[in-house]
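J.: Supplied in structure tokens, the structure appears directly below.
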Amino acid sequence: MNTIDTRAPADPEPAARAVRNPATGEVLATVPDTGPAHLDALVRRAAAAQRGWAALAPGERARLLRRFADQVDVHVPELAALEVTEAGHTLGNATWEAGNVRDLLEYAAGGVERLTGRQIPVAGGIDVTFREPVGVLGVIAPWNFPMPIAAWGFAPALGAGNAVVLKPAEATPLTALRLAELALAAGLPEGLFQVAPGAGPVTGRALVDHPAVRKIVFTGSTATGKEVAGRCAAGAKRVTLELGGKSPNIVFADADLAGAADPLAFLDNSGQDCCARSRILVQREAVDDFLALLVPAVEAVRTGDPADPRTVLGPLISAEQVRRVASYVTPDLPVLARGTVPDGPGYWYPPTVLAPTDPAVPAVTEEIFGPVAVVLPFEDEADALRLANATRYGLSGSIWTRDLGRALRMARGVAAGNLSVNSHASVRYWTPFGGFGESGVGRELGPEALAHFTETKNVFIRTEE
């Protein structure tokens, strides 16, 4: 165990927060919270660094971001090992996540010199627009994908000429702290990219409320996202929210049932994924054939040590999360499939598939954020749309059919920001990502990623005598 000091002299003695390995419960490190005085100092330092960063030639900013990406690339094994131990992610997932940070930085670097304004025809002169950085950004990252979701915010924000203060989740600060060290090693200016560990109600709130922070990027629960949005509104600052989900996996009888029945559609990252296809909607005449594929696949999922390359399902993040997931699996709900978990310490929950007879039970309507899915039959396209849209969320989903016309009709009818046909994929860093309804506000990633971190300045130049 080691202690990482993030304190500032102006702060009173902060709480020392233990970071635990969710597979064992072992304390990995203690990380003091960032107090309000220290947070203020970080923001002031960021504001000073941002002015110089924005003044750099675009090509120079791009070069430094590529050097940051190179540093991440060299340290992918180290970052992945940290993610395995602090978040309980499987080694394969954690390695992909570290590589995704590298890719996001490279993608942002490629956009720096393409962040252009426009020339607009007007009478009496010429009119041009400029994309100018917002200033200091606050990025509040979750514990379920600590590295890549943080990079969704900080990579394009830095590319657009901003400074970033990143508040990682309380449970997973170690990879964020290491990424900030790699940014300095790559030559990014001191103060440009800083990390503020701490509790949401203290450090997070201070970051959201700070008058010099002009935009907040938040990923987390819908309830907290609403509070963040309200506080940002009070300060007239911009906000991007990526919140909860209850995504449908819509399977028609003509589909590739084996592909649709992939248990990782809802078990990836132990179900701790806003895009998890946790509502499995199957056309009635295909239910038996579908379950004949899904049930044995779920029961065969290998659960265990996330550092073992053979492991498919790791632990949940905390004992509290185990209790929360278990609360949805009530005795009255029929169980179609249940896997196994290791004996001994750690925060484990078995992969579980339920067959509720009442579509209004919490297991069907609420985000469980664990390795639990429900199966519901439907009759036809209209019935499938009714069930798919019977939610306050609208983040992602899958549509499985061999009928292209049906796929397009369903894709236009499902109220969600990200849909896949004959696929369970949701996120690609070169395409936009975001939700409908209570799944969020705004979009991240994609070709416009850098533009989301700029203000548009309009300039008219009179040319008439």
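J.: Can you classify the stretch 157-207 as rounded, prolate or oblate using the Cα gyration tensor, where a ≥ b ≥ c are the square roots of its eigenvalues, rounded means a/c under 1.5, and otherwise it's prolate if a/b beats b/c and oblate if not?
T.: Numbers: a/c = 2.74, a/b = 1.54, b/c = 1.78.
Oblate shape, in that a/c is at least 1.5 and b/c is the bigger or equal ratio.
J.: I would also like to ask the following. Tell me which of THR85, GLY235, GLY200 sits at the most positive position along the dipole axis of the chain, charges placed on C-beta atoms (Lys, Arg +1; Asp, Glu -1).
T.: Value computed over the given set: GLY235.
J.: Quick one: which residues, 5 or more positions from SER420 or on another chain, have an amide H under 5 Å from its amide H? H modelled 1.01 Å from N in the peptide plane, none for Pro or chain starts.
T.: Hits under the 5 Å cutoff: GLY397, SER398, ILE399.
J.: What are the lysines whose alpha-carbon lies under 27 Å from the alpha-carbon of LYS167, with same-chain residues fewer than 8 places away excluded?
T.: LYS215, LYS226, LYS237, LYS246
J.: I want the local charge near PRO121. Using Cβ-Cβ distances under 15 Å, sum +1 for each Lys or Arg and -1 for each Asp or Glu among the other residues.
T.: Working: positive: ARG118, ARG462; negative: ASP127, GLU464.
After counting each charged neighbour, the total is 0.
J.: Under the Karplus relation 6.51 cos²θ - 1.76 cosθ + 1.60, θ = phi - 60°, what is the ordered set of whole-Hz ³J(HN,Hα) values for the stretch 393-399, x standing for Gly and Pro?
T.: The phi angles translate into 9, x, 9, 8, x, 10, 10 Hz.
J.: For the residue pair ARG409 and VAL202, what label-to-label distance in nm results when each label sits 7 Å from Cα along the Cα-to-beta-carbon direction?
T.: With each label placed 7 Å out from Cα toward Cβ, I get 5.7 nm.
J.: Let me ask something additional. Answer rounded, prolate or oblate for the stretch 257-314, using the Cα gyration tensor with square roots of eigenvalues a ≥ b ≥ c: rounded when a/c is under 1.5, else prolate when a/b is larger than b/c, else oblate.
T.: Values: a/c = 3.45, a/b = 1.75, b/c = 1.97.
Cα axes put the stretch 257-314 in the oblate bin.
J.: Output the relative contact order of the stretch 56-190, whole-number percent, from Cα pairs under 8 angstrom with separation of 6+ residues. Mind showing how you got there, number by number?
T.: Numbers: 195 pairs, mean separation 40.9, N = 135.
Rounded, it is 30 percent for the stretch 56-190.
J.: Projected area of the stretch 130-258, taken from the Cα convex hull and averaged over every viewing direction, in nm²? Can you show the working numbers first?
T.: Working: hull surface 44.8 nm².
Mean projected area of the Cα convex hull: 11.2 nm².
J.: I've got another one for you. Once amide H atoms are placed 1.01 Å from N in the peptide plane, what residues at a sequence separation of 5 or more from GLU455, or on another chain, have their amide H within under 5 Å of its amide H?
T.: Correct list: GLU132, VAL134.
J.: What is the set of long-range amide H partners of LEU336 at a cut-off below 5 Å, with H atoms built 1.01 Å from backbone N?
T.: Here the answer is VAL353, LEU354, ALA355, since their amide H atoms fall under 5 Å of that of LEU336.
J.: Let me ask you something else. If you build the convex hull over the alpha carbons only and average its shadow over all orientations, what do you get for the stretch 16-158? Give it in nm² to one decimal.
T.: Working: hull surface 45.2 nm².
Averaged projected area of the stretch 16-158's Cα convex hull equals 11.3 nm².
J.: By how many nm would the segment from THR116 to ARG284 grow when fully extended, if each residue of separation counts as 0.36 nm and the alpha-carbon distance is taken off? Write out the running numbers ahead of the final one.
T.: Details: separation 168, 0.36 × 168 = 60.48 nm, distance 5.16 nm.
Contour length minus the Cα-Cα distance gives 55.3 nm.
J.: For the stretch 260-270, just list the computed ³J(HN,Hα) in residue order, Karplus coefficients 6.51, -1.76 and 1.60, θ = phi - 60°, integers in Hz, with x standing in for Gly and Pro.
T.: Working through the residues one at a time gives 5, 8, 4, x, 5, 4, 10, 9, 4, 6, 6 Hz.
J.: While we're on this one: If the only charges are +1 at each Lys and Arg Cβ and -1 at each Asp and Glu Cβ, what is the size of the charge dipole of the stretch 242-359 around the Cα centre, to the nearest 20 debye? Please list the in-between numbers first.
T.: Details: 9 positive and 16 negative charges, 59 e Å.
The dipole magnitude comes to about 280 debye.
J.: Now a separate question. Report, for the chain, the % of DSSP beta bridges that are antiparallel, rounded to 5. Could the numbers behind the result be given before it?
T.: Numbers: 26 of 66 bridges.
Approximately 40 percent, going by the DSSP bridge assignments.
J.: Still on this structure, I have one more. Which whole-number value in Å² is the accessible area per residue of the chain, probe 1.4 Å? Don't skip to the end; give the middle numbers.
T.: Working: 18820 Å² over 465 residues.
Accessible area per residue: 40 Å².
J.: With only Lys, Arg, Asp and Glu charged, each at its Cβ (+1 for the first two, -1 for the last two), find how big the charge dipole of the chain is about the Cα centre; round to the nearest 20 debye. Don't jump to the answer; show the numbers that get you there.
T.: Working: 42 positive and 52 negative charges, 259 e Å.
With Lys and Arg at +1 and Asp and Glu at -1, about 1240 debye.
J.: Sort VAL43, VAL74 from largest to smallest accessible area, using a 1.4 Å probe on the heavy atoms of the protein chains. List each step's numbers first, then the result.
T.: Working: VAL43 0, VAL74 105 Å².
Correct descending sequence by accessible area is VAL74, VAL43.
J.: Another question, if that's okay. Local charge sum around LEU445 (other residues, Cβ-Cβ under 12 Å, Lys/Arg +1, Asp/Glu -1)?
T.: Working: positive: ARG428, ARG443; negative: ASP103, GLU242, GLU444, GLU448.
Value of the local net charge: -2.
J.: Counting only helical runs of four or more DSSP H residues, what would the 222 nm mean residue ellipticity of the chain come to if each run contributes -39,500 (n - 2.57) and the total is spread over all its residues? Kindly include the intermediate steps, with their values, before the conclusion.
T.: Details: 15 runs with 168 residues, N = 465.
Here the helix-only value at 222 nm equals -11000 deg cm²/dmol.
J.: How would you rank 137-145, 59-67, 187-195, highest first, on the average number of other Cβ atoms within 10 Å across their residues?
T.: Working: 137-145: 26.0, 59-67: 18.4, 187-195: 20.9.
Peptide ranking by packing, descending: 137-145, 187-195, 59-67.
J.: Please list ASP73, ASP254 in order of solvent-accessible area, largest first, computed with a 1.4 Å probe with all protein chains present. All intermediate terms of the calculation are to be shown ahead of the outcome.
T.: On the way: ASP73 75, ASP254 50 Å².
Order by accessible area, largest first: ASP73, ASP254.
J.: Using a 1.4 angstrom probe on the protein heavy atoms only, could you order THR95, THR240 from most to least accessible area?
T.: Greatest to least solvent exposure: THR95, THR240.
J.: Would you please put 208-216, 221-229, 309-317 in order of how densely packed they are, using the mean number of other Cβ atoms within 10 angstrom per residue and starting with the highest?
T.: The packing order, highest mean first, is 309-317, 208-216, 221-229.
J.: For ARG302, what charge total do you get from the other residues with a beta carbon under 9 Å from its beta carbon, if Lys and Arg give +1 and Asp and Glu give -1?
T.: 0
J.: I need the shape label for the chain. Rule: rounded when a/c is under 1.5, else prolate if a/b > b/c, else oblate, with a, b, c from the alpha carbon gyration tensor.
T.: Working: a/c = 2.04, a/b = 1.34, b/c = 1.52.
Oblate, since a/c reaches 1.5 and b/c is not below a/b.
J.: May I pose another question? If packing is taken as the average count of other Cβ atoms within 10 Å, what order do 245-251, 158-164, 30-36 fall into, highest mean first? Intermediate results must be reported in sequence, preceding the final value.
T.: Numbers: 245-251: 28.7, 158-164: 27.0, 30-36: 21.9.
The most tightly packed comes first, giving 245-251, 158-164, 30-36.
J.: May I pose another question? With a 1.4 Å probe and all protein chains kept in place, how much accessible area does ASP305 have, in Å² rounded to the nearest 10?
T.: 90
The values are calculated or read from the model by the stated rules, or taken from the named source; none is laboratory data. Note that the structure is predicted; figures quoted are calculated from it, not measured. Every residue, glycine as well, gets a Cβ built from its backbone with ideal geometry; the counts of neighbours run over all protein chains shown. Please note that ligands, DNA and RNA were not included when accessible areas were found on the heavy atoms of the full protein model with its side chains. Shrake-Rupley method; radii C 1.70, N 1.55, O 1.52, S 1.80 Å.
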